[in-house]
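S.K.: Would you mind keeping the following structure in view while I ask a few things?
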Amino acid sequence: MIESIRGLRGMAVAPHAAAAQSALGVLREGGNAVEAMVSAAATIAIVYPHMNSIGGDSFWLIAKPGEQPVAIDACGAAAASASIEWYRERGISSAIPFRGGVAANTVAGTLSGWQAACEFSRQRLAGRLPLSRLLADAIGYAEDGIAVTRSQAVCTTAKLAELAPQPGFAKTFLQNGVAPSAGSVFRQPLLAATLRHLSNKGIDEAYRGELAASIAADLASVGSPVAAADLVKHHAHLVTPLSLAHSRGTVFNMVPPTQGVVSLMILGILDAIGIDGMDPLGADYVHHCVEATKQAFAVRDRHVTDPAYMTVPAQSLLEASALKALAAKVDQHRAAPWGKGNGPGDTVWMGAIDGNGVMVSFIQSIYHEFGAGIVLPGSGINWQNRGTSFALNETALNVLRPGRKPFHTLNPALSRLKDGRSMVYGTMGGDGQPQTQCAVFTRQVIAGMQPQAAINAPRWLLGRTWGQPSETLKLEARFADSVVADLASRGHDVEVLGEWDESMGHAGSIVRHPNGVLEGGADPRSDGGVAAF
């Protein structure tokens, strides 16, 4: 078994090792975990472009010792002109297309999240590093180039037919008209210039400055409804995260429009059932986790949307009585019926903890691979398609409305345990995110596995996620044959994938022990790593 990485003065984990190293560089210079994460967020937007971009959204959880955690909601809302009528006028009535300008119907909020994080760092953590330092690595990678990962090469090849026709995509992401090969050098000079502009002028330029004017003009030229007024109106917000009172401690996650409440509900249902003593690689354990997921997803699909449109407070869904009622519906011997989930999402999760115990759990995304596929000619920004999660059906829970926030599968997690440990953890993977969070948390906290062992262990996934069109219960091939057979006998529609399948997500975790020792693990299914000192 590969051991977890340990350190004392600072640690970061990311699905691309360069991002973890960017965070570590900031920590070594005396920066705090929030500053380190801004640097990592910028770097990973360059080195993992198929998974995220500065044209996407992000969410933050930040915990300072002795204080309640805070969250940053950097989700962009639908454009003021984005309406069902707007789409009908363009001959679109059943569903919003995943690619092109019509898919780019929401403001990209992630840069505003970086800005809010920098302000929090200065005001609450005595942060002192300038933005120019935090973006320096990313600018260098964009100008000088990166070595293309196998993940980027495979993803670009798989989606080439639908992405190549999109404005700016071929010029930006292809080499001589074909997908770049793993190990080739990939540069993004336009994006480097944009990051340098932000470094010199400030992030607000992306929403209310010269850069914002360029963005708005380019979005209009590709048929997006997002206008300059939508950018001006946007701001990231500090919010109070959701919390679950678990028998092992308190677990925190992001508020709607994310599915953070779902991740917490799954853990709460399993806590009510009592899974202590179950083999974390066994059929009983997987079955109960899957059945808890079905119960939580059913609640999600009835209630979770933009909080301004919710009819029940998300925190109320985490009350002990509500979770016990859901736990009582779980049949330990038979799988409940399963319809379909919300589908794929390409995302990066990253975590950081500094020597003072400040913790950050962060997630950044453009939704599908390369988002809407459009690349703005003036800035090199690849814009998200998160707003394709809106429905054009008036009776749907997430029906499109101007100014409404889209539903997000994104959710960063953080916990404080009764034994004195604290932990940040998360993953990419659409509907797989709550399920992999469940695996990482329960295998560490309930079963006592080290972070790296918990992440390495074979995983499951119910429904669709990145690269997977089917709604089956997917199991990595490293599960014992007896486990696969047992789950099938309980009525699960089992599909066995590869031994280390990337569709299971890119998970990561850092634990801070009571003595200050940091212990982290990164996912071998990704290009990630843990960086510590």
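The values are calculated or read from the model by the stated rules, or taken from the named source; none is laboratory data. This one's a predicted model, so the numbers in the text were calculated from it and none came from an experiment. A quick note on method: Cβ atoms are made from the backbone with ideal geometry, for glycine too, and the neighbour counts reach across all protein chains shown. For the accessible areas, the whole protein counts, side chains as well, though only heavy atoms, and no ligand, DNA or RNA atoms are used. Shrake-Rupley method; radii C 1.70, N 1.55, O 1.52, S 1.80 Å.
S.K.: Please work out the ratio of the alpha-carbon Rg of the stretch 246-368 to 2.2 N^0.38 Å and round it to two decimals.
M.R.: Working: Rg = 15.8 Å, N = 123, 2.2 N^0.38 = 13.7 Å.
That ratio works out to 1.15.
S.K.: Also, quick follow-up: Reported to two decimal places, what Rg/Rh ratio describes the stretch 282-344 when computed on Cα atoms with Rh from the Kirkwood expression?
M.R.: Dividing the radius of gyration by the Kirkwood radius yields 1.01.
S.K.: Also, quick follow-up: Run the accessible area of the chain with a 1.4 Å probe and give the carbon-and-sulfur part as a rounded percent.
M.R.: C and S atoms contribute 52 percent here.
S.K.: State the Cα centre-to-centre distance between the stretch 29-72 and the stretch 120-161 in whole Å.
M.R.: With the stretch 29-72 and the stretch 120-161 each reduced to a Cα centre, they are spaced 11 Å.
S.K.: When you take every Cα atom in the chain, what is the radius of gyration, and what is Dmax, the widest Cα pair distance, in Å?
M.R.: Looking at the chain, its Cα Rg and Dmax stand at 21.4, 62 Å.
S.K.: Something else: Determine the order of VAL102, VAL424 by accessible area, beginning with the largest, at a probe radius of 1.4 Å.
M.R.: On the way: VAL102 30, VAL424 0 Å².
The most accessible residue leads, giving VAL102, VAL424.
S.K.: Equivalent-ellipsoid semi-axes (√(5λ), Cα gyration tensor) for the stretch 191-263, whole Å, largest first? If you can, show how the numbers build up before the last one.
M.R.: On the way: eigenvalues 256, 50, 23 Å².
The answer is 36, 16, 11 Å, longest axis first.
S.K.: Give LYS233/LYS418; LYS329/LYS474; LYS64/LYS159 a once-over and call out the pairs whose C-alpha atoms are over 31 Å from each other.
M.R.: Over 31 Å apart, Cα to Cα: LYS233/LYS418; LYS64/LYS159.
S.K.: With every protein chain present, what accessible area does LEU160 have (1.4 Å probe, heavy atoms only), rounded to the nearest 10 Å²?
M.R.: Rounded to the nearest 10, the figure is 40 Å².
S.K.: With every protein chain present, what accessible area does CYS155 have (1.4 Å probe, heavy atoms only), rounded to the nearest 10 Å²?
M.R.: For CYS155, solvent-accessible area is about 10 Å².
S.K.: Using the crude model of +1 on Lys and Arg Cβ and -1 on Asp and Glu Cβ, and no other charge, please compute the dipole size for the chain relative to its Cα centre, in debye to 20.
M.R.: It works out to roughly 720 debye.
S.K.: Apply the a/c threshold of 1.5 to the C-alpha gyration tensor of the stretch 309-412 and tell me whether it is rounded, prolate or oblate.
M.R.: Verdict is oblate for the stretch 309-412.
S.K.: What number does the stretch 1-128 give for Rg over Rh if you use C-alpha atoms and the Kirkwood radius? Don't skip to the answer; put the middle values down first.
M.R.: Numbers: Rg = 18.6 Å, Rh = 17.0 Å.
Result for the stretch 1-128 is an Rg/Rh of 1.10.
S.K.: So what does log10 I(q)/I(0) come out to for the stretch 149-253 at q = 0.14, 0.18 Å⁻¹, using the Debye formula with one equal point on every Cα and no solvent?
M.R.: So the normalised log intensities are -0.84, -0.98.
S.K.: Rank these residues by their accessible area, most exposed first, probe 1.4 Å: ASP481, ASP284, ASP306. Each step should come with its number before you reach the end.
M.R.: Details: ASP481 130, ASP284 75, ASP306 10 Å².
In descending accessible area the options line up as ASP481, ASP284, ASP306.
S.K.: Additional query: Using label points projected 7 Å from each Cα along Cα→Cβ, tell me how many nm separate VAL517 and VAL185, to one decimal.
M.R.: 4.3
S.K.: What Kirkwood radius, in Å to one decimal, follows from the Cα pairs of the stretch 88-222?
M.R.: Working: mean 1/r = 0.0576 Å⁻¹.
One decimal place: 17.4 Å for the Kirkwood radius.
S.K.: Continuing with the same structure: With every protein chain left in place, what is the accessible area per residue of the chain in square angstrom, probe 1.4 Å?
M.R.: Values: 17740 Å² over 533 residues.
On a per-residue basis, 33 Å².
S.K.: Give the ranking of GLU499, GLU205 by solvent-accessible surface, highest area first, calculated with a 1.4 Å probe. Each step should come with its number before you reach the end.
M.R.: Numbers: GLU499 105, GLU205 35 Å².
Sorted by accessible area, descending: GLU499, GLU205.
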